[in-house]
Amino acid sequence: MNAVELVRVSKTFKGCRAVDDLTLSVPAGSIYGFIGPNGSGKTTTLRMIMRIYYPDPGSGAIRVFDEEHSAAANHRIGYLPEERGLYKKMKVRDLLQFFLEIHGRREFKGPIRDWLKRLRLSEWADKKVEALSKGMSQRIQFIAAVIHAPDLLILDEPFSGLDPVSTEDLREAILERRRAGATVIFSTHDMAMAEKMCDFIFMIYKGGKVLDGTMESIQGQYGYDTLRVRVEGNGQSLGGLPGVDHVTDFGRLQELRMAPGADSQRVLETLMRKGRVAHFEVARPTLHDIFIRIARPEPAEAQSDTAVSRTR
Amino acid sequence: MTRKTIVIAVREFKAAIRTRTFFVSLIMMPIFMFGSIAVQMLLRDKVDVKDKHVAIVDCTGKLAESLLAEAQRRNTSDIFQGEGESRKQVRPRFVVTVEPPPAEATPEALRAQTLELSDRVRAGKLFAFFIVPPEVLDPAPKDAPSKAAVAYHSNNPTYDDVHNWLRGSISKMAHEQRLKSLNLDTGMVMKALTPVWVENLGLVTRDAAGNFQAAEKTNELASFFLPFGMLILMFMVVMITAQPLLQSVLEEKMQRIAEVLVACASPFEIMMGKLLGTVGVSLVIVTFYFAGALYALKYTGFGGLFPSHLIVWFIVFQCLAVLMYGSLFISVGAAVNDLKEAQNLITPMMLVIMIPFFLWVNVVKEPAASFSVIASLFPPATPMLMLVRMAVPPGIPLWQPILGMVLVLASTTACVFAAGRVFRIGLLSQGKAPKFSELIGWVIRG
């Protein structure tokens, strides 16, 4: 069963197509990661699932828990928008109770106490929201989205701006919700987090779907075309190696993308002639690498960008 | 009404009445409205009681003496208040001196005298002077009345106590002199000229037992000021409660709370919840002010002036007023992106709210006229004008307030529905404000 299903959905804003003919199925109980460059249509897609935006008239349908465009499913969804906002003058406890009440829950004390404890905010329960730091209010906003134990969690960039400890707390909380049977959809720019957490990755670029599947299936499309190497005498350029299309320099480690049909052993031989090879690994591309391969501007686009910047 | 609407209404209610601003405006509003009256009452006795020196040039030769006597009478009785030890002077004495007219009444001589007296006023030796021409005693003046006018000269045109006293006294004395010259008995004529009193009464009725019930005296002042007082009270409550709705909706958009809310409830539920919360707040205020007003009326002995059925209707129409105007303010809040844009729309909105104030005098005079009926069935004016019409005896047919209520509720629902649609689409759009045509498109297409 699918928790969310989009069938040929489009959304246009004043002549600009933000989402174009998108079809997507999110299986119930999975964690689905939405990635894509800024302005590619992630948030618009999430807002359409939330019924904040309606798809273009005549375009496809969106079903949430098999219900087509009905507000009845809203109480089963927890939503953390990209742009956060809370009633600043309310006390944290009252605010969370308001969200529980609006979702029709009658038990307040237990969930509020448990969630504040879990995200280390117990001592702030009776403080006004305006007294909290940015990170704290972000955690409160997350609690507001999940406190009614929704079956579907839609989180728009939940980790942005959080310190590593808070990120860990949130990640653990999300996984715990999944263990309880909830479906999780979240958008992120943290590729490593998406790679580690998500059962499925969906990438949207210029309003259209460019990737959709498990990490393995996505990586499978690219094969073992990536070499991670460390050659002693760091800093020397590995550009222009025969059989290598692209080099990404991480400082201590360099990632080489092989040209189609190139032989990794040949590349190793060339490298050994350049210096002592301390690390050599034949790997599949990371999500980060795949993202960049898709979203990096085409050479022609890049050139025209440079030309524009020069004329300014 | 959905449960979510109630939850939102309760939150709005609590958020509004827990603020310091709420208590301040609750207390400040009546102070602004009635403060000036109270200050005037307090300062009524705080007047300058320094003697006012006034000169009279009596060209008739017959009035000066009587006027001196009248000033003397006033200075010994009219200017005091209280009895015995608490007796104190609350008005200035008028010290009148008689200046003889020039021996030869040539225009030059008269001008010279006027100039000399004016200089004395400028120098502060005199407060005012006046010249009584001989024509004032003419019993059958042929010329225009202005020819026979007493010329009153002063450097304080706004201080009218001397002027008023003079007008009253000189008129009375001139009447007496004119009658005397016609050989008529002053006392008899004055009696004959007593004005006829017309008593303003309601209608006579029969009670349940068939007994004749005499008509009640109409209190003209009360039947005029009672509707006005209710109008002001209703306006005050609308200003305290409905106007902040605009800010509240705008704040939710600006602080990005709206997106979370829209994910939990439909825009209609959110808007309606906010509106109902505000109606709750208005009921608290009305109870507070009403209790105060009724106590004040009872304390001053005017308790009977307020018919009890009007209290119920007042509360009903107060709720309708908050719903009607609140839904208008909510629509504005939903349509704009910041307070500056809101300001541009508030002015036309205030004009709509002020309509009852432009019309109420005519409506009070003729509550049953078709103009009044139509005006009071125009939804933005209904709550105030319908109540005004009900407050004037004998009242209006019941179908009219009921039809008014239905129309107000229908327009409120339409406004809230439109505001909800604009809110949902407008809350995430940033940048320049939508054009009016775009707003209409949002409302129609959703």
(message) Kindly evaluate B:Gln255 against the criterion of being within 14 Å of another protein chain (Cβ to nearest Cβ), over 34 Å from the mean Cα position of the chain (by Cα) and surrounded by fewer than 17 Cβ atoms within 10 Å (Cβ to Cβ).
(response) yes
(request) Could you list all residues from the stretch A:112-128 that are open to solvent by 30 Å² or more (accessible area, probe 1.4 Å) and more than 14 Å from chain B (Cβ to nearest Cβ)? (result) A:Arg113, A:Asp114, A:Lys117, A:Arg118, A:Arg120, A:Ser122, A:Glu123, A:Trp124, A:Asp126, A:Lys127
(message) So the check is Cβ under 6 Å with 6+ separation or different chains; which pairs have a first residue in the stretch B:183-203 that's at negative phi and a second one that's loosely packed, with under 10 Cβ neighbours inside 10 Å?
(response) B:Asn200/B:Glu220
(request) Identify the residue in the stretch A:54-96 that is free of Cβ contacts under 8 Å to residues at least 40 places away in the same chain, over 22 Å from B:Arg424 (Cβ atoms) and touching an Asp or Glu at 6+ places or on another chain (Cβ under 8 Å) and, among all such residues, is nearest to the other protein chains (Cβ to nearest Cβ). (result) A:Lys91
(request) Return the only residue of B:Ala140, B:Ala123, B:Ala112 being free of Cβ contacts under 8 Å to residues at least 24 places away in the same chain, under 26 Å from B:Leu182 (Cα atoms) and either under 42 Å from the mean Cα position of the chain (by Cα) or open to solvent by 30 Å² or more (accessible area, probe 1.4 Å) (or both). (result) B:Ala140
(message) Among (1) outside any loop (DSSP other than H, G, I, E, B); (2) modelled with pLDDT of 80 or more, there is one condition B:Gln40 misses while meeting the rest; what is its number?
(response) (2)
(request) Could you list all residues from the stretch A:16-40 that are more than 14 Å from chain B (Cβ to nearest Cβ) and outside any strand (DSSP E or B)? (result) A:Ala28, A:Gly29, A:Ser30, A:Gly36, A:Pro37, A:Asn38, A:Ser40
(request) Report, by residue number, each residue of the stretch B:69-96 that is open to solvent by less than 60 Å² (accessible area, probe 1.4 Å) and touching a residue at least 12 places away in the same chain (Cβ under 8 Å). (result) B:Glu70, B:Ala71, B:Arg74, B:Asn75, B:Ile79, B:Val90, B:Pro92, B:Phe94, B:Val95, B:Val96
(request) Identify all residues within the stretch A:142-168 that are open to solvent by 30 Å² or more (accessible area, probe 1.4 Å) and more than 21 Å from A:Ala192 (Cα to Cα); write none if there are none. (result) A:Ala149, A:Asp151
(request) Please find, among A:Ala131, A:Ala61, the residue that is open to solvent by 10 Å² or more (accessible area, probe 1.4 Å) and touching a strand residue (DSSP E or B) at 6+ places or on another chain (Cβ under 6 Å). (result) A:Ala61
(request) Scan (1) surrounded by fewer than 18 Cβ atoms within 10 Å (Cβ to Cβ); (2) touching a residue at least 60 places away in the same chain (Cβ under 8 Å) for the single condition B:Thr412 breaks and write down its number. (result) (1)
(request) Give the number of residues within the stretch A:97-111 that are more than 10 Å from every other protein chain (Cβ to nearest Cβ) and either modelled with pLDDT of 95 or more or part of a loop (DSSP other than H, G, I, E, B) (or both). (result) 4
(request) Go over the candidates A:His279, A:His246 one by one and state the one that is modelled with pLDDT under 90 and not in a loop (DSSP other than H, G, I, E, B). (result) A:His246
(request) Could you please let me know if A:Val210 is buried (at least 17 other Cβ atoms within 10 Å of the Cβ) and assigned by TED's automatic domain parsing to the domain that holds A:Ser10? (result) no
(request) Scan the stretch B:17-26 and give yes if some residue there is within 29 Å of the chain's Cα centre (by Cα), at pLDDT below 85, under 19 Å from B:Val322 (Cα atoms) and within 14 Å of chain A (Cβ to nearest Cβ), otherwise no. (result) yes
(message) With the structure loaded, tell me whether A:Arg284 is within 32 Å of the chain's Cα centre (by Cα), touching a residue at least 24 places away in the same chain (Cβ under 8 Å) and closer than 22 Å to A:Glu195 by Cβ or whether it fails that test.
(response) yes
(request) Might you let me know whether the stretch B:215-230 holds any residue that is farther than 30 Å from B:Leu26 by Cα, among the hydrophobic types (A, V, I, L, M, F, W, C) and within 14 Å of another protein chain (Cβ to nearest Cβ)? (result) no
(request) Please give the strands (runs of 3 or more DSSP E) falling wholly within the stretch B:75-157 in which 1 or more residues are among the acidic types (Asp, Glu). (result) B:94-99
(request) Being farther than 21 Å from A:Val92 by Cβ, outside any loop (DSSP other than H, G, I, E, B) and either open to solvent by less than 20 Å² (accessible area, probe 1.4 Å) or without any contact (Cβ under 8 Å) to a residue 60 or more places away in the chain (or both) narrows it down to one of A:Arg171, A:Arg177, A:Arg139, so name that one. (result) A:Arg171
(request) State the number of residues belonging to the stretch B:232-252 that are surrounded by fewer than 23 Cβ atoms within 10 Å (Cβ to Cβ) and within 12 Å of chain A (Cβ to nearest Cβ). (result) 2
(message) When you scan the stretch B:203-221, do you find a residue that is part of a helix (DSSP H, G or I) and loosely packed, with under 10 Cβ neighbours inside 10 Å, even just one?
(response) yes
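The values are calculated or read from the model by the stated rules, or taken from the named source; none is laboratory data. The structure displayed is predicted, hence computed values, not measured ones. Please note: Cβ atoms are built from the backbone with ideal geometry, for glycine as well, and neighbour counts cover all protein chains shown. Calculation scope for accessible area: heavy atoms of the full protein, side chains included, ligands and nucleic acids excluded. Shrake-Rupley method; radii C 1.70, N 1.55, O 1.52, S 1.80 Å.
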